[in-house]
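Peer 1: Quick one: this structure, given as structure tokens, is what I'll be asking you about.
The values are calculated or read from the model by the stated rules, or taken from the named source; none is laboratory data. These figures come from a predicted structure and were not determined experimentally. FYI the Cβ positions are ideal-geometry reconstructions off the backbone, even for glycines, and counts take in every protein chain you see.
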Amino acid sequence: MASRKKSRMQWYRADLHIHTPASSDYIDKHISYIDILRKADQRGLDIIALTDHNTVSGYAAMMQEVEQLTYLEKLGRAQIDEVRLLAEYRRLLEKILVLPGFEFTATFGFHILGVFSPQTSIREIEHILLSLNVPMSALEKGMAEVGASSDVLTAYQTIYEAGGICIAAHVNTTHGVAMRGMDFGGQTRIAYTQDRHLHALEATDLDRRGRNTQRFFDGTKPEYPRRMRCIQGSDAHSLDSSKEGRNVRLGIGERATEFLLSARTFDALLEMFQSNDFSRSRIYKPNSQPEDFVQSARKEGATVVQSFHESMGRRGGQLYNIIADVCAFANTNGGTVYVGCSADHTEKPIGVKSDKTVIRKLYNDIAGMISPPLQVEIDTLETQGKSIIRIQVPFGVDRPYVIENTKVYVRDDGDTNLAIRDEIVNLVRQGLTASETAAFPPIPVDLPSKPESEIPSPISPDFVEDHKIKPPRAGVEIIGSETRDVTRYYMMRDLRNGNVVKNVTKSSARRLWHYAIKQKESNPVRADKIDWRGEVGVWRRYKKNGTIRYDLVQKDNGIRVYYGVTESGMHGIWQQFLVTSEDELDA
């Protein structure tokens with residue numbers, strides 16, 4: 001089973017973004033390649049990738065030096081210092097897996113890492129760079145500026161199809177695909193971070209509490225449904241850190257990631273990047289305890305992509321509730337079900353019996369109750385000395401998924417609910433589209449019309465849409481109503497997924513929908529009482545089930561009201577209304 005396989009794995013520390021003197025902007029031009037390996041060893045790294053700007057010549061130079069020393073040794077012509085150097089190379093290359101790669105500069109200056117197997121020849125990698133329109137002068141000198149190279153999505157596909165690991169470099173900073181300051185719309189930003197050929201995002205803010213790149217790309221955003229693995233790398237341009245004005249450039253291994261692998265090999269690393277097991281990567285924090293993946297998930301609580309159950313017995317419907325969550329996740333963005341602990345991270349986990357029989361039973365029950373067939377992954381994780389069962393549910397392609405041929409469930413924030421008619425219709429449409437393409441269909445791209453502008457400091461990927469203020473990406477909007485036979489029926493737009501649902505009554509409405517209807521009927525918005533900031537404003541701030549929510553408004557041919565918006569849905573201009581203290585909430 002997956003849990004037994006995982007027990008044979010171990011953690012390896014890696015820095016997959018290291019430059020060498022082959023990059024034209026490298027700081028320590030005087031160092032040798034053995035110095036890089038020595039520093040990597042000193043920093044406790046098990047795997048490194050040499051990723052010079054638009055060239056593989058740094059890795060090639062190191063391997064050529066090793067080959068030359070080996071040849072001299074074979075001829076018996078090696079000098080004492082050469083014998084010692086070769087022995088040092090062999091010692092370090094035995095301890096550290098060194099991977100060839102590059103940092104490609106795509107159209108408009110976006111940076112993309114390609115990391116390859118040591119079995120990939122230098123000529124093959126150079127051919128990849130040339131096919132991406134890197135000029136020979138840049139390839140020879142390791143220049144970051146290359147002119148009219150290939151676009152981002154072409155680079156992703158080319159690296160992927162060549163068998164490489166494709167990583168968007170420092171996405172939240174200058175030259176990153178998730179930065180702002182570019183003249184293009186949201187569809188491009190979505191495509192650049194959700195493309196199926198992209199293995200991971202590299203970010204510089206993963207150790208920041210609260211809003212960071214990992215939290216943004218966690219699969220809870222309707223327009224960013226694919227959860228992305230986020231890693232960190234040093235982007236080292238010298239052996240040790242150095243200061244450039246206000247900015248600090250890190251040295252080798254000073255920002256590293258740990259990966260849970262079956263072996264210290266490229267194939268094992270690639271397999272990890274291809275998996276959906278996000279517990280197999282974690283940022284490395286010196287002098288601190290490794291991250292408890294389950295406890296971190298519990299701190300986020302129940303969301304649109306994760307749920308928690310203390311037990312899985314049939315009595316009390318616990319097992320059915322677990323399977324309902326699996327069905328709901330498949331019909332929404334995919335997600336993870338944890339069994340053996342509550343969502344309250346302050347409570348001690350109960351744990352569950354984690355033998356093969358229990359896991360096999362879960363597989364059989366899910367297969368027997370949910371149709372069409374759904375491929376889930378079930379394994380165990382350890383937290384605070386207890387075993388927790390984890391069920392990983394994919395984004396369902398053949399939707400709608402149903403339980404016992406009649407019940408269709410969807411995920412609504414942290415709740416699982418029976419789908420209503422309009423939602424079922426939308427699921428059928430989505431299933432028809434996805435079955436013709438892929439789990440995450442291709443996204444149209446609106447290319448930038450202006451060259452890149454310099455971004456002075458790291459920024460959040462919570463984008464401001466261009467040209468027009470877009471609604472929040474959470475909450476609901478009432479877009480119409482009518483009375484039939486003394487009953488008031490409402491038309492709701494769910495901002496989390498864009499679905500429009502008709503014929504909703506106050507008595508039949510779900511939790512958030514019910515709140516919106518109740519507010520409209522008993523506490524209607526008054527324009528003169530709104531806290532306006534230009535064209536947008538806030539009507540009410542309140543706390544519900546431990547989460548701060550906002551009723552937001554916008555001038556758009558009248559006043560549009562967005563009820564129950566959470567922080568995760570407040571992008572760009574809406575973020576000015578966020579509060580940090582409960583004292584700022586409305587009574």
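Peer 1: Based on what the data block shows, is ARG484 free of Cβ contacts under 8 Å to residues at least 12 places away in the same chain, more than 29 Å from ARG211 (Cα to Cα) and not hydrophobic (A, V, I, L, M, F, W, C)?
Peer 2: Working: free of Cβ contacts under 8 Å to residues at least 12 places away in the same chain: yes; more than 29 Å from ARG211 (Cα to Cα): yes; not hydrophobic (A, V, I, L, M, F, W, C): yes.
Yes, satisfied.
Peer 1: Just checking, does the stretch 78-96 include any residue being modelled with pLDDT of 95 or more and touching a strand residue (DSSP E or B) at 6+ places or on another chain (Cβ under 8 Å)?
Peer 2: yes
Peer 1: Here is a follow-up. Here are ALA256, ALA268, ALA263: which of them is of a type in the set (Gly, Ala, Ser), crowded, with 21+ Cβ neighbours inside 10 Å and either at pLDDT 90 or above or closer than 30 Å to VAL579 by Cβ (or both)? Reasoning before the result, please.
Peer 2: Working: ALA268 fails: crowded, with 21+ Cβ neighbours inside 10 Å; ALA263 fails: crowded, with 21+ Cβ neighbours inside 10 Å.
From the options ALA256, ALA268, ALA263, the qualifying one is ALA256.
Peer 1: Criterion first (modelled with pLDDT of 95 or more, in contact with a Ser or Thr (Cβ under 9 Å, 6 or more places away or on another chain) and among the small types (Gly, Ala, Ser)) does SER150 satisfy it?
Peer 2: So SER150 passes the test.
Peer 1: Given ILE573, ILE559, which one is in contact with a helix residue (DSSP H, G or I) (Cβ under 9 Å, 6 or more places away or on another chain), of a type in the set (Val, Ile, Thr) and over 24 Å from ARG411 (Cα atoms)?
Peer 2: Criteria check complete, one pass: ILE559.
Peer 1: Mind checking which residues of the stretch 335-394 are surrounded by 21 or more Cβ atoms within 10 Å (Cβ to Cβ) and small (Gly, Ala, Ser)?
Peer 2: Across the stretch 335-394, the qualifying residues are GLY335, GLY340.
Peer 1: Just to be sure before I move on: is VAL486 surrounded by fewer than 19 Cβ atoms within 10 Å (Cβ to Cβ), more than 26 Å from GLY414 (Cα to Cα), among the hydrophobic types (A, V, I, L, M, F, W, C) and touching a Phe, Trp or Tyr at 6+ places or on another chain (Cβ under 7 Å) in the structure I sent?
Peer 2: no
Residue by residue, here is whether (1) part of a helix (DSSP H, G or I); (2) free of Cβ contacts under 8 Å to residues at least 60 places away in the same chain; (3) not assigned by TED's automatic domain parsing to the domain that holds ALA419 holds:
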position: LYS502; (1), (2), (3): no, no, yes
position: LYS506; (1), (2), (3): no, yes, yes
position: ALA509; (1), (2), (3): no, yes, yes
position: HIS514; (1), (2), (3): yes, yes, yes
position: GLY537; (1), (2), (3): no, yes, yes
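Conditions tested, residue by residue: (1) acidic (Asp, Glu); (2) under 29 Å from the mean Cα position of the chain (by Cα).
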| position | (1), (2) |
| --- | --- |
| ARG8 | no, yes |
| ILE18 | no, yes |
| ASP35 | yes, no |
| LEU92 | no, no |
| ILE96 | no, yes |
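Peer 1: Among GLU254, GLU223, GLU202, GLU244, which is of a type in the set (D, E, K, R) and under 20 Å from LEU495 (Cα atoms)? Don't jump to the end; show me each part of the working.
Peer 2: On the way: GLU254 fails: under 20 Å from LEU495 (Cα atoms); GLU202 fails: under 20 Å from LEU495 (Cα atoms); GLU244 fails: under 20 Å from LEU495 (Cα atoms).
Result of the check over GLU254, GLU223, GLU202, GLU244: GLU223.
Peer 1: Now a separate question. Quick check on the stretch 24-38. Is at least one of its residues in a helix (DSSP H, G or I), among the charged types (D, E, K, R) and modelled with pLDDT of 95 or more?
Peer 2: Yes, the stretch 24-38 contains a residue that is in a helix (DSSP H, G or I), among the charged types (D, E, K, R) and modelled with pLDDT of 95 or more.
Peer 1: Need a quick list: strands (runs of 3 or more DSSP E) entirely within the stretch 208-320 having at least 1 residues that are within 17 Å of the chain's Cα centre (by Cα).
Peer 2: Here the list reads 257-261, 281-283, 306-309.
Peer 1: Among the residues of the stretch 189-205, is any within 27 Å of ASP28 (Cα to Cα) and touching a helix residue (DSSP H, G or I) at 6+ places or on another chain (Cβ under 7 Å)?
Peer 2: Within the stretch 189-205, one or more residues are within 27 Å of ASP28 (Cα to Cα) and touching a helix residue (DSSP H, G or I) at 6+ places or on another chain (Cβ under 7 Å).
Peer 1: Kindly list the number of the only condition in (1) farther than 19 Å from ARG209 by Cβ; (2) surrounded by fewer than 21 Cβ atoms within 10 Å (Cβ to Cβ); (3) touching a Leu at 6+ places or on another chain (Cβ under 6 Å) that fails for MET228.
Peer 2: (2)
Peer 1: Looking only at residues that are of a type in the set (Gly, Ala, Ser), under 15 Å from PHE104 (Cβ atoms) and out of contact with any Gly (no Cβ under 6 Å at 6 or more places or on another chain) in the stretch 18-67, which one is surrounded by the most Cβ atoms within 10 Å (Cβ to Cβ)?
Peer 2: GLY58
Peer 1: Return the residues of the stretch 539-580 that are at pLDDT below 95, assigned to a strand (DSSP E or B) and of a type in the set (A, V, I, L, M); say none if nothing qualifies.
Peer 2: ILE548, ILE559, VAL565
Peer 1: Right, something else. Kindly evaluate PHE278 against the criterion of being more than 23 Å from LEU37 (Cα to Cα), touching a strand residue (DSSP E or B) at 6+ places or on another chain (Cβ under 7 Å) and in contact (Cβ under 8 Å) with a residue 40 or more places away in the chain.
Peer 2: no
Peer 1: Working carefully through the options GLU423, GLU404, find the one that is assigned by TED's automatic domain parsing to the domain that holds ALA328, farther than 29 Å from ARG298 by Cα and touching a residue at least 24 places away in the same chain (Cβ under 8 Å).
Peer 2: The conditions single out GLU404.
Peer 1: Mind listing whichever residues of the stretch 84-103 are surrounded by fewer than 15 Cβ atoms within 10 Å (Cβ to Cβ) and either in contact with an Asp or Glu (Cβ under 7 Å, 6 or more places away or on another chain) or outside the structural domain of VAL134 (by TED's automatic domain parsing) (or both)?
Peer 2: LYS95
Peer 1: Name the residues in the stretch 364-377 that are in contact with a Phe, Trp or Tyr (Cβ under 6 Å, 6 or more places away or on another chain) and either farther than 21 Å from THR406 by Cβ or modelled with pLDDT under 95 (or both), would you?
Peer 2: none
Peer 1: Against the conditions (1) in the same structural domain as ILE159 (by TED's automatic domain parsing); (2) small (Gly, Ala, Ser); (3) buried (at least 16 other Cβ atoms within 10 Å of the Cβ), where does SER307 fall short? Just the number, please.
Peer 2: Checking SER307 against (1) in the same structural domain as ILE159 (by TED's automatic domain parsing); (2) small (Gly, Ala, Ser); (3) buried (at least 16 other Cβ atoms within 10 Å of the Cβ), the one that fails is (1).
Peer 1: Could I ask something else about it? Could you name every one of the strands (runs of 3 or more DSSP E) located completely within the stretch 328-428 that has at least 1 residues being within 25 Å of ALA474 (Cβ to Cβ)? Please lay out each step first, then the result.
Peer 2: Details: elements: 335-339, 377-383, 386-393, 407-412, 415-418.
The strands (runs of 3 or more DSSP E) meeting that bar are 335-339, 386-393, 407-412, 415-418.
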